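Structure first, then comments.
Just so it is clear, none of the values below were taken in a lab; they were calculated from the coordinates. Here the structure is a predicted model, which is why all the values come from computation and not from measurement. Cβ coordinates were reconstructed from backbone atoms using ideal geometry, including for glycine residues, and neighbour counts include every protein chain displayed.
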Amino acid sequence: MEALGAPMKKVLYCDFFLDAPQIGSQIEAFLRELARLSGWNCLFVQAGRVRENDRDLGPAPKGDWLAGLGAALDLSHADLVFVWFDDLLPQQPDMAALADLLTQAEGLMTTQDPQGAAYVRLNSKPPSLGPCVTHGFRVITPQEAYRCSLPASVWQADYLRQQMKSSPSCWALESLPHMRLALSASRIHLPYDNLMWRGQWSTQALWRHRMGPPMGIRAWGRLLAVSLKFRVTHRLQAAWPWLYHLILRGLFKR
């Protein structure tokens, strides 16, 4: 926590763990523009290194999202941290309005005020059930699911470290109860497409952004072969079922 009167250090955090340069470059550009407008720093984990803006701070642990976040917070000495993921692609956000929203969140959670919020979610996703407070934010109640939802959330760094100690994974962390005041925006300020769902690429979300799944030529070949096999099989069964069963069924079982 900063001494009274000292400016807080604020960072926009993202761990670029996906091997998808086309997607990562768009998300990095979004965060850097938000940093320029808001005055926050970029804190990225990229290629096993922790970087603040363009300065290398040191190595990041491999294969553990929470460990990488903890290392980044320790190396940067941040007071406030905005959390983002590299598989969440924003849907044409109003960058100036988003920068103003970060300023509002900062005012609601100043580390110099013991009554300030320790967590502010910038999207009403999931919707909050608590009473409305100033600036269109609601209190997050103990009855809600995903009380510590990570995307588009702002944390006091010390409080985030405390919550991380009680969680074995980022998914478990999102369901933890809050030990201090937590707020959520009353509406969605930062809509986004989730490009991955349960470990699989969302083809619909990728194509909405005119992108295909990030895969090599061999993987594309296998995907096209499976698709062609399905289409041919379906058409043969519909048009000439007897021919399919007598002659071609054995070939398409391979």
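Which value, in Å to one decimal place, does the Kirkwood hydrodynamic radius take for region 1-83 when every pair of different Cα atoms is included?
Result for region 1-83 stands at 13.1 Å.
Provide the gained length on full extension for the span THR110 to GLN22, in nm with one decimal, where the gain is 0.36 nm per separating residue minus the Cα-Cα distance.
Extra length from THR110 to GLN22 when fully extended: 28.1 nm.
Per residue, how much space in cubic angstrom lies within the convex hull of the C-alpha atoms of region 67-146? Present the calculation step by step, with values, prior to reporting the outcome.
Details: hull volume 11.7 nm³, N = 80.
Normalising the Cα hull of region 67-146 by residue number yields 146 Å³.
Summing Lys, Arg as +1 and Asp, Glu as -1, what charge do residues with Cβ under 12 Å from the Cβ of LEU129 carry, LEU129 excluded?
+1
Between SER186 and TRP171, with labels modelled 7 Å along Cα→Cβ, what's the label distance in nm to one decimal, could you check?
3.5
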